[in-house]
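K.L.:
One structure, pasted below without further comment.
The values are calculated or read from the model by the stated rules, or taken from the named source; none is laboratory data. All values derive from a computational prediction rather than experimental measurement. Here the Cβ is made from the backbone with ideal geometry for all residues, glycine too, and neighbour counts use every protein chain on show. SASA here: full protein model, heavy atoms, side chains in, ligands and nucleic acids out. Shrake-Rupley method; radii C 1.70, N 1.55, O 1.52, S 1.80 Å.
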Amino acid sequence: MSLGADDRKWLADLTSGRVRYEEPMSRHTSFRVGGPAEAFVAPETSDELSALVTGLAGRGIPYQVVGGGTNLIVTDAGISGVVISLGPGMSKILIENISASRFMATVMAGTSLRLFCSHVIRNGLKGMNFALGIPGTVGGAIRMNAGTALGWISDVLESITVLYPSGLQETIGRNALSFSYRKLLLPRLTCGEALCHQTIIVSGSFSLAGASSTDLKQEAREILKNRKCRQPVALPSAGCIFKNPPSGKSAGELIDLCGLKGLKIGGAQVSEKHANFIVNTGSAAAADILSLMDRVRQTVFKRFDVNLEPEVIVIGN
Ligand SMILES: Cc1cc2nc3c(=O)[nH]c(=O)nc-3n(C[C@H](O)[C@H](O)[C@H](O)COP(=O)(O)OP(=O)(O)OC[C@H]3O[C@@H](n4cnc5c(N)ncnc54)[C@H](O)[C@@H]3O)c2cc1C
């Protein structure tokens, strides 16, 4: 526990009472697992977010930002400090025409990636179809450099605006950003504190081209149909659980070759449909998923000498 009575009063005042205590994170993750957040706040404006972050940093209270929770495993013990959830309250899309055929979409971090993709398709803008079907928010997608075989966020991202614990906001162009497979390395400003505070992505700007909305819609239908055939979308998961190794067979192929499809620990199971998905069959705890991940890693390492690296982010005590 890191919140005292004075901190709780400050949080209640700042959020007009919207702060929730002991909020089950299973309500905020696509895996539907995770213990309680000591406090859970969903800011409704950039100003509220900024006041929250500077106040938390000033008080030495740890915080953790989450988007749609679609790439997260929250431990069963839950999270000390404050979880800041960027969702519908921090959602906005602004499109500007920057030349005859180029457009810049500036999107707030809490915007659903699905909503952004369908918005640009409707408006005849090309560039985001690669991301169709990826759940979560734009902020989470930028942080994870989300992508598919058709492209990555880093292909279309022009700049991001970040918020530091000091309250300072900075816009950073793509050339100053460091992307890798499923990761954007976020810059940190040293704030001279022992606590590790996270830099928050407030918005991102994407470079898009004019195109036929009808053609984009046709392409979108095919991409979504293809995904549905390959992925176990009916059961809770966090998408691909391991990153693909830099060369050779994909993580899914390696797991499949080890005969691990269908392997179960508690309520967690290696999907029968896609070996790189672990699904929650209904009653999984985070510990079941983590144990199953360990078992899969050990088995693949023993057989192929390949160390699978998790793609999902594990947070919590
Ligand atoms: C069925 C399914 C299919 C999926 N398919 C794909 C796929 O094809 N490709 C792919 O890349 N991923 C896929 N994923 C994984 C996931 O959807 C993506 O990684 C997504 O971009 C995560 O976004 P989120 O908002 O849910 O982030 P979260 O899961 O909430 O957070 C992920 C990380 O980002 C950080 N974060 C979130 N928001 C911010 C912010 N505003 N500022 C700073 N840090 C932030 C969090 O702290 C955390 O470290 C899939 C997941 C599911 C459940």
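K.L.:
Do we have any residue at all in segment 4-22 that's outside the structural domain of Gln269 (by TED's automatic domain parsing), among the aromatic types (Phe, Trp, Tyr), open to solvent by 10 Å² or more (accessible area, probe 1.4 Å) and within 15 Å of the ligand (Cβ to nearest atom)?
P.N.:
No: segment 4-22 contains no residue that is outside the structural domain of Gln269 (by TED's automatic domain parsing), among the aromatic types (Phe, Trp, Tyr), open to solvent by 10 Å² or more (accessible area, probe 1.4 Å) and within 15 Å of the ligand (Cβ to nearest atom).
K.L.:
In addition: All but one of (1) within 15 Å of the ligand (Cβ to nearest atom); (2) farther than 23 Å from Cys117 by Cβ; (3) open to solvent by less than 40 Å² (accessible area, probe 1.4 Å) hold for Gly173; state the number of the condition that does not hold.
P.N.:
That leaves (1) as the condition not met.
K.L.:
Let me ask you something else. In the set Glu219, Glu158, which member is in contact with a helix residue (DSSP H, G or I) (Cβ under 7 Å, 6 or more places away or on another chain), open to solvent by 30 Å² or more (accessible area, probe 1.4 Å) and either more than 20 Å from Arg122 (Cβ to Cβ) or modelled with pLDDT under 95 (or both)?
P.N.:
The match here is Glu158.
K.L.:
Going by what's in this entry, would Gly110 be described as within 12 Å of the ligand (Cβ to nearest atom), closer than 18 Å to Gly69 by Cβ, at pLDDT below 95 and buried (at least 20 other Cβ atoms within 10 Å of the Cβ)?
P.N.:
no
K.L.:
Further question on the same structure: Residue check: is Ser91 surrounded by fewer than 19 Cβ atoms within 10 Å (Cβ to Cβ) and closer than 17 Å to Gly69 by Cβ?
P.N.:
yes
K.L.:
Let me ask something else. So Lys302 fits all but one of (1) farther than 29 Å from Met25 by Cα; (2) among the charged types (D, E, K, R); (3) within 15 Å of the ligand (Cβ to nearest atom); what number is the exception?
P.N.:
Of everything listed in (1) farther than 29 Å from Met25 by Cα; (2) among the charged types (D, E, K, R); (3) within 15 Å of the ligand (Cβ to nearest atom), Lys302 misses just condition (3).
K.L.:
Quick test of your reading of the structure: Glu193 fulfils all but one of (1) open to solvent by 40 Å² or more (accessible area, probe 1.4 Å); (2) more than 12 Å from the ligand (Cβ to nearest atom); (3) modelled with pLDDT of 95 or more. Name the failing condition by number.
P.N.:
Unmet condition: (3).
K.L.:
Looking only at segment 28-56, count how many residues are in a helix (DSSP H, G or I), within 15 Å of the ligand (Cβ to nearest atom) and open to solvent by 10 Å² or more (accessible area, probe 1.4 Å).
P.N.:
Final tally of qualifying residues: 3.
K.L.:
Using the structure shown, decide if Phe206 is open to solvent by less than 40 Å² (accessible area, probe 1.4 Å), touching a residue at least 12 places away in the same chain (Cβ under 8 Å), more than 13 Å from the ligand (Cβ to nearest atom) and in contact with a Leu (Cβ under 7 Å, 6 or more places away or on another chain).
P.N.:
Against the criterion (open to solvent by less than 40 Å² (accessible area, probe 1.4 Å), touching a residue at least 12 places away in the same chain (Cβ under 8 Å), more than 13 Å from the ligand (Cβ to nearest atom) and in contact with a Leu (Cβ under 7 Å, 6 or more places away or on another chain)), Phe206 qualifies.
Here's the yes/no breakdown for (1) touching a residue at least 60 places away in the same chain (Cβ under 8 Å); (2) under 16 Å from the mean Cα position of the chain (by Cα); (3) over 26 Å from Gly69 (Cβ atoms):
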site: Phe116; (1), (2), (3): no, yes, no
site: Val120; (1), (2), (3): yes, no, no
site: Met128; (1), (2), (3): yes, no, no
site: Pro135; (1), (2), (3): yes, yes, no
site: Met144; (1), (2), (3): yes, yes, no
site: Trp152; (1), (2), (3): no, yes, no
site: Asp155; (1), (2), (3): no, no, no
site: Thr171; (1), (2), (3): no, no, yes
site: Ser178; (1), (2), (3): no, no, no
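K.L.:
A further question follows. Considering segment 224-240 alone, what residues qualify as being more than 10 Å from the ligand (Cβ to nearest atom) and open to solvent by less than 80 Å² (accessible area, probe 1.4 Å)?
P.N.:
Correct list: Leu224 only.
K.L.:
Within segment 262-281, take every residue that is more than 13 Å from Val233 (Cα to Cα), outside any loop (DSSP other than H, G, I, E, B) and among the hydrophobic types (A, V, I, L, M, F, W, C) and give me the one that is farthest from the chain's Cα centre (by Cα).
P.N.:
Looking at residues that are more than 13 Å from Val233 (Cα to Cα), outside any loop (DSSP other than H, G, I, E, B) and among the hydrophobic types (A, V, I, L, M, F, W, C), I get Ile265.
K.L.:
Does Cys229 satisfy the criteria of being among the hydrophobic types (A, V, I, L, M, F, W, C) and free of Cβ contacts under 8 Å to residues at least 24 places away in the same chain?
P.N.:
It is true that Cys229 is among the hydrophobic types (A, V, I, L, M, F, W, C) and free of Cβ contacts under 8 Å to residues at least 24 places away in the same chain.
K.L.:
Among the residues of segment 118-161, which ones are within 14 Å of the ligand (Cβ to nearest atom) and β-branched (Val, Ile, Thr)?
P.N.:
Matches in segment 118-161: Ile134, Thr137, Val138, Ile142, Thr148, Ile153, Val156, Ile160, Thr161.
To keep it simple, each residue is scored yes or no on (1) part of a helix (DSSP H, G or I); (2) touching a residue at least 24 places away in the same chain (Cβ under 8 Å).
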{"site": "Leu224", "(1), (2)": "yes, yes"}
{"site": "Ala234", "(1), (2)": "no, no"}
{"site": "Ser283", "(1), (2)": "no, no"}
{"site": "Asp294", "(1), (2)": "yes, no"}
{"site": "Phe301", "(1), (2)": "yes, no"}
{"site": "Val314", "(1), (2)": "no, yes"}
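K.L.:
When you go through Lys264, Lys243, Lys273 one by one, which is the residue that is outside the structural domain of Ile73 (by TED's automatic domain parsing) and buried (at least 17 other Cβ atoms within 10 Å of the Cβ)?
P.N.:
Lys243
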